[in-house]
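Enquirer: Sharing a structure with you now.
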Amino acid sequence: MGDINLSVLIASLMVASVPILLAALGEMVTEKAGVLNLGVEGMMIMGAICGFIAAVGTGSPLAGFIAGAAGGAGLSLLFALLTLGFLANQVATGLALTLFGLGLSALMGQGYTGIKPPATVEIDFGTLTDIPFLGRVLFSHDWVVYFSLFMVAAVWWFITRTRAGLVLRAVGESAEAAHALGYKVARIRLAAIAFGGAMAGMGGAYISLIRVPQWTDGITAGAGWIALAIVVFASWRPVRVLVGAYLFGGITVLQLNLQAAGSSIPVEYLSMAPYLVTIVVLVAISAGKGRKTDAPAALGQNFHSVR
Amino acid sequence: MSADQPILFIAEGIGKSYPGVRANDDVNFAIKRGEIHALLGENGAGKSTLVKMIYGLVKPDQGHMEWLGAPFAPADPARARAAGVGMVFQHFSLFEALNVAENVALGMENPPRLAQLSAKISKVSADYGLPLDPARRVGDLSAGERQRVEIIRCLLQSPKLLIMDEPTSVLTPQEVEILFKTLRQLAAEGTAILYISHKLEEIRVLCDRATILRRGKVVATAYPAKTTAREMAELMVGSALASPARAGKAQGAAQGAPALEVRGLSAPSPIPFGTSLKDISFAVAKGEVLGIAGVAGNGQDELVLALSGEMACAADMIRAKGESIGAMGPNARRARGFVVAPEDRLGHAAAPDMSLVENAFLTGAVQRKLARRGFVHWAGAKAFAEEIIAAFDVRTPSSDVAARALSGGNLQKFVIGRELRQSPDVIVINQPTWGVDAAAAAFIRQAILTCAEGGAAVVVISQDLDELMEISDNFAALNEGRLSVPRPRAGLTMEEIGLMMGGAHGMEVAHV
C-alpha cells in the first residue's frame, strides 16, 4: 500500500469526480426550481453516446462535449414536455427517462464499440506543472476538470447572488406564490431542466471521451444515481456537492489502487465502498438541525396556472 | 373624505367564466383616489376573481377597465404593478425559506441591492409602525408579521391602489386596530384601498363605500357607515339569517367530572417551522364547549395532532374520563369515543380522490365496526355515508363521488358530520367553518351545540372570534404554543381576548 502516491491520488480523484460533479450540479439547479428529474442516469448516458459519436465523427473532443451537452439537454426537454406540458408525474417520468436513455444509447452505440475517441490533451501550464506536489495536483488536467470547478463557483454565485437565482429559488419554494407575483413558472422550470440535462450530458461525455475512453453499453454504471443522492445529502448546496463528488471520486480511485496493490480485502467490498462511504458521510453531514428545511418546498410538485 | 376626489379606476361590464361557474357577470364599479372601498361578498361570490383581473393574473372575458381615464388591461402582474396596483394576498404569496428582504425583492420590478433594500425596508416599516427585521427568515415569522412583509412590499412601490384580500383573518384585534390606522394614513396620503372582506363590522368602521357582490353580480353599493351590519349581510347572502341557539345547558355541565383533561402537555412540533406546545392544561366537562382562539401558527395544528393521537405524548398528559390516553394512537382513542376533525378538508380530514363511502369508512371504521377480520364491510360503510349525507344535508349526486368533487361547504358538512354521527363523548374540531358559506356555517355550529347538549365535551379551535363567542361556554387562547387559562366566555371584552391572544406582537401605532 505504501506505493500509493498522495499527489497522484488527488490528481486522479479530481478526474474521476468530474462526471458526477457536473451531473449533480445540474440536477441541483433543476431541483432548486422545484423539479425532481430522476432521469440523470439516462441523460448522462445519452450525453456519453452523443458526445462519443460526434467526437469520433469530427475528430474534435470539443465538438464531442458540445454534442454531449446537447444530447443530455435534448432528453431533458422530453422530460420537460411530459411534466410541464402534460403535467405527468415527475418521479415516474424521470424513471422512464433513465430506461429510455439506456435503451436509446445502446441502439445508437451499435457499431461504436472498440473504437477509440480522439484524445483530449491536458492544458499546458509550462513550468507550473513542475512545482512539487501542487504542480501534479493542480496543473496537470484537461480543460473539463477546470470547467467543472468553475461551474461550482458559477452555480453558487448564480443561486445566492443574482436576481435570476433568487427567482429560481422562489419558484422551487412555492410555484403558486411565484406565479401570483407574475413570474413565468413553466418557463423558468424549463430552463432549469434544460440546464440540468446539458450538465448531465457533459458529465456523460466525460466518461466516454476521457475517463474510459471508449463506448460500451451502460457505460455510466450508476453514476447518475450517485449524483442524485449527492444533491440530496449535500442539502442543495454547491460546495457540499463538490465535497460529495470528490469524496466519491476519491474512494473510487483509492479502491482501484488498493485492488491493483493486491489488497487482502475482497474486490466486491472495495467496489461497493465508494457508494457506501459517500452516502454515509453525506448523511452524517446533513443530519442534525435545519435538515428538514433544506429541500426546496415545492420539489416534485407540478404546477399549472389557470388563466 | 373622498367625495370630491377624482376617479382612479373604473370597471365596466366585467365578465369571467370558468367551466361550470360564472365567476363574474356584468360587474360595474369605480374607485376614487384616497378612498377605502370595500368589496363585500360570500365565499365564491367572485371577489377574488375580480381583483385578480385588476392585478393582471386573470383576463376578463367581457367588459373593460379604465385607469386614470385610459383603457387598462394589464397582461401580467408586472404591468399592473408598473401602473400602480399593489396587492396583499389572502393566502400569503411569501416564500418561507427566504428572508424578508429577498421576499420583498421578488415583488419588485427593479429592486436595489439587498443591503440598500434592507435599509429601505427598515425605514418604511418604522414610518408606518410595522417593525420588521429584513434579515429574518419568513418561515420564522408570525402571521401578523408575514402580512407586514406583504404590505411593505407593496408600499415600497408607492402604489396608487392597494388591494387587500381578507387581511384581518389572521390578526389579533390589536393588530387589526394598527392595520386600520396604517390604512387610514395611506388613504389620507391619497392611496386608494380596495378592501375585500366578509367581516361586516370591520367594513363599517373602516370603509367609505362598499360594493356588494352575490354570485358574481353587483347587487348593491352601500355606504357602510350609514348601513347596519344586518342589512349588508342580507344583501350579501340574499336572505335572512338565523343564528344558532341552544335549547338549554346539559344538566350539571359545569360540576361534572371532566370528560377530557389535559395536564402539562408539552411536545416539540413535528411540522417544519411549527410551534412546539408548552405546558398546556385545560379540562372540559360533559356538555361544555371550550373555545380556543389564537392567530394561525401559534400551536393550533400541533394541539390537534396531540389530541387526535397522530403525535404521541406522555400517557398522563391527556386523560379521557380518568383514563390516560396520551400515548395511544388515533384508533385506540376513537374506540373510547374520542373524535377529531382537523382543519384541512382536502388531504387531512378527507382523502380527496376517494369516494365519500371510503372516506366515511376511514374514521368511522372503529366506532361503527365497519371492518371485520381485516375485511371492509362495504354495505355498512355505504349506509354510514348515506346517513351522514341525509343528516347533514350534504349536497352531492351520490355517496360514490370523490370527496374532491364536493364544494367546500358541503365537504366540511360531511367531515364534521362523520365525526359527530359517531355518538362521541369528546369532540375536537379545528376551524369548523373555515371557508364555508354562511348558511353551512350556521348549520355546522348548530350541530356542534346539539352534540354538546347531548352530553359531549367539545373543544373548538378557531380563528373566527365571532364564532367562538357564539358557541363556547369557556374561552382560552393559544399564543406561541402556550394556552391561556380558560375563562367563562360571558363577560369577556374584546380587549381582554386580544391580550389573551398575545396582544399586538410588539407592533406599535404609526407615528408619522
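Enquirer: Among the candidates B:362, B:303, B:356, B:370, single out the residue that is touching a His at 6+ places or on another chain (Cβ under 6 Å) and hydrophobic (A, V, I, L, M, F, W, C).
Expert: Result: B:370 is the single residue among B:362, B:303, B:356, B:370 that is touching a His at 6+ places or on another chain (Cβ under 6 Å) and hydrophobic (A, V, I, L, M, F, W, C).
Enquirer: May I ask you to list the residues in the stretch B:70-80 that are within 11 Å of chain A (Cβ to nearest Cβ) and either at pLDDT 90 or above or in contact with a helix residue (DSSP H, G or I) (Cβ under 9 Å, 6 or more places away or on another chain) (or both)?
Expert: Selection gives B:74, B:77, B:80.
Enquirer: Got a sec? Which helices (runs of 4 or more DSSP H) wholly within the stretch B:360-466 have at least 2 residues that are open to solvent by less than 40 Å² (accessible area, probe 1.4 Å) and farther than 26 Å from residue B:301 by Cα?
Expert: Fully inside the stretch B:360-466 and qualifying: B:378-391.
Enquirer: Scan the stretch B:214-273 for residues that are of a type in the set (Ser, Thr, Tyr) and at pLDDT 75 or above and jot them down.
Expert: Those that are of a type in the set (Ser, Thr, Tyr) and at pLDDT 75 or above: B:221, B:223, B:227, B:228, B:266, B:269.
Enquirer: Kindly establish whether residue B:147 is in the same structural domain as residue B:38 (by TED's automatic domain parsing) and open to solvent by less than 10 Å² (accessible area, probe 1.4 Å).
Expert: Yes; evaluated as a whole, the condition is true for this residue.
Enquirer: Which condition breaks for residue A:159 when tested against (1) touching a Lys or Arg at 6+ places or on another chain (Cβ under 9 Å); (2) at pLDDT below 90; (3) within 14 Å of another protein chain (Cβ to nearest Cβ)?
Expert: All conditions are met except number (2).
Enquirer: Still on this structure, please answer the following. Looking at A:113, A:127, A:120 in this structure, which one is open to solvent by 60 Å² or more (accessible area, probe 1.4 Å), more than 14 Å from chain B (Cβ to nearest Cβ), among the hydroxyl-bearing types (Ser, Thr, Tyr) and not in a helix (DSSP H, G or I)?
Expert: After applying the criteria, what remains is A:113.
Enquirer: Related question: Go through (1) in contact (Cβ under 8 Å) with a residue 12 or more places away in the chain; (2) open to solvent by less than 70 Å² (accessible area, probe 1.4 Å); (3) within 14 Å of chain B (Cβ to nearest Cβ) one by one and return the number of the condition residue A:176 breaks.
Expert: Against the list (1) in contact (Cβ under 8 Å) with a residue 12 or more places away in the chain; (2) open to solvent by less than 70 Å² (accessible area, probe 1.4 Å); (3) within 14 Å of chain B (Cβ to nearest Cβ), residue A:176 comes up short only on (2).
Enquirer: For residue A:183, which of the numbered conditions (1) farther than 30 Å from residue A:6 by Cβ; (2) within 22 Å of the chain's Cα centre (by Cα) fails to hold?
Expert: Result: residue A:183 fails condition (2) only.
Enquirer: Just to verify a result, which residue in the stretch A:162-171, among those that are within 9 Å of chain B (Cβ to nearest Cβ) and not charged (D, E, K, R), is surrounded by the fewest Cβ atoms within 10 Å (Cβ to Cβ)?
Expert: A:167
Enquirer: So which helices (runs of 4 or more DSSP H) stay within the stretch B:96-160 end to end and still have 1 or more residues that are of a type in the set (A, V, I, L, M) and away from chain A (no Cβ under 14 Å)?
Expert: The helices (runs of 4 or more DSSP H) meeting that bar are B:114-127, B:143-155.
Enquirer: Also, quick follow-up: Output the residue which, of all residues in the stretch B:270-294 that are under 23 Å from residue B:453 (Cβ atoms), open to solvent by less than 10 Å² (accessible area, probe 1.4 Å) and more than 21 Å from the chain's Cα centre (by Cα), is farthest from the other protein chains (Cβ to nearest Cβ).
Expert: B:287
Enquirer: Continuing with the same structure: Which one of B:289, B:295, B:262 is touching a Phe, Trp or Tyr at 6+ places or on another chain (Cβ under 6 Å) and not aromatic (Phe, Trp, Tyr)?
Expert: That would be B:262, the only listed residue that is touching a Phe, Trp or Tyr at 6+ places or on another chain (Cβ under 6 Å) and not aromatic (Phe, Trp, Tyr).
Enquirer: Any chance the stretch B:473-487 includes a residue that's modelled with pLDDT under 85, farther than 30 Å from residue B:230 by Cβ, in a loop (DSSP other than H, G, I, E, B) and not assigned by TED's automatic domain parsing to the domain that holds residue B:197?
Expert: So far as the stretch B:473-487 goes, yes, one or more of its residues are modelled with pLDDT under 85, farther than 30 Å from residue B:230 by Cβ, in a loop (DSSP other than H, G, I, E, B) and not assigned by TED's automatic domain parsing to the domain that holds residue B:197.
Enquirer: To continue, here is another question. Considering only the stretch B:16-71, state which residues are of a type in the set (Val, Ile, Thr) and in a loop (DSSP other than H, G, I, E, B).
Expert: Answer for the stretch B:16-71, where residues must be of a type in the set (Val, Ile, Thr) and in a loop (DSSP other than H, G, I, E, B): just B:58.
Enquirer: Report every pair of residues separated by at least 6 positions or lying on different chains whose Cβ atoms are under 6 Å apart, first residue within the stretch B:60-81 and surrounded by 19 or more Cβ atoms within 10 Å (Cβ to Cβ), second of a type in the set (Ser, Thr, Tyr).
Expert: Pairs found: B:77/B:55; B:80/B:55.
Enquirer: Applying the selection to the stretch B:194-211, what residues are assigned to a strand (DSSP E or B) and either modelled with pLDDT under 90 or of a type outside the set (A, V, I, L, M, F, W, C) (or both)?
Expert: Selection gives B:195, B:196, B:197, B:209, B:211.
Enquirer: For the stretch B:30-42: of the residues being under 20 Å from residue B:234 (Cα atoms) and out of contact with any Lys or Arg (no Cβ under 6 Å at 6 or more places or on another chain), which is modelled with the lowest pLDDT?
Expert: The selected residue is B:42.
Each row is one residue, and each column tells you yes or no for (1) farther than 16 Å from residue A:83 by Cβ; (2) assigned to a loop (DSSP other than H, G, I, E, B); (3) open to solvent by 10 Å² or more (accessible area, probe 1.4 Å).
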site: A:13; (1), (2), (3): yes, no, yes
site: A:17; (1), (2), (3): yes, no, no
site: A:23; (1), (2), (3): yes, no, no
site: A:34; (1), (2), (3): no, yes, no
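Enquirer: When the stretch B:82-114 is examined, which residues are found to be closer than 18 Å to residue B:134 by Cβ, within 28 Å of the chain's Cα centre (by Cα) and open to solvent by 10 Å² or more (accessible area, probe 1.4 Å)?
Expert: Within the stretch B:82-114, B:92, B:94, B:96, B:97, B:99, B:102, B:108 meet the criteria.
Enquirer: Check whether at least one residue in the stretch B:322-337 is in contact with a His (Cβ under 9 Å, 6 or more places away or on another chain) and more than 21 Å from residue B:458 (Cβ to Cβ), and report yes or no.
Expert: Checking the stretch B:322-337: not a single residue is in contact with a His (Cβ under 9 Å, 6 or more places away or on another chain) and more than 21 Å from residue B:458 (Cβ to Cβ).
Enquirer: Something else now. Within the stretch A:79-94, can you find the residues that are in a loop (DSSP other than H, G, I, E, B) and either in contact with a strand residue (DSSP E or B) (Cβ under 7 Å, 6 or more places away or on another chain) or open to solvent by 60 Å² or more (accessible area, probe 1.4 Å) (or both)?
Expert: Those that are in a loop (DSSP other than H, G, I, E, B) and either in contact with a strand residue (DSSP E or B) (Cβ under 7 Å, 6 or more places away or on another chain) or open to solvent by 60 Å² or more (accessible area, probe 1.4 Å) (or both): A:86, A:87, A:89.
Enquirer: Quick test of your reading of the structure: residue A:211 fulfils all but one of (1) touching a Pro at 6+ places or on another chain (Cβ under 8 Å); (2) within 14 Å of another protein chain (Cβ to nearest Cβ); (3) open to solvent by 20 Å² or more (accessible area, probe 1.4 Å). Name the failing condition by number.
Expert: (2)
Enquirer: Name the pairs: first residue in the stretch A:237-261 and open to solvent by less than 40 Å² (accessible area, probe 1.4 Å), second residue outside any helix (DSSP H, G or I), Cβ to Cβ under 6 Å, at least 6 apart or on different chains?
Expert: That search, which allows pairs on different chains as well, returns A:241/A:234; A:244/A:234.
Enquirer: Would you mention how many residues in the stretch A:179-201 are within 14 Å of another protein chain (Cβ to nearest Cβ) and among the small types (Gly, Ala, Ser)?
Expert: 3
The values are calculated or read from the model by the stated rules, or taken from the named source; none is laboratory data. What you see is a predicted model; the values in this text were computed from it and never measured. Positions of Cβ are generated from backbone atoms using ideal geometry, with glycine treated the same way; all protein chains shown enter the neighbour counts. Accessible surface is based on the protein model in full, side chains and every heavy atom, while ligands, DNA and RNA are left aside. Shrake-Rupley method; radii C 1.70, N 1.55, O 1.52, S 1.80 Å.
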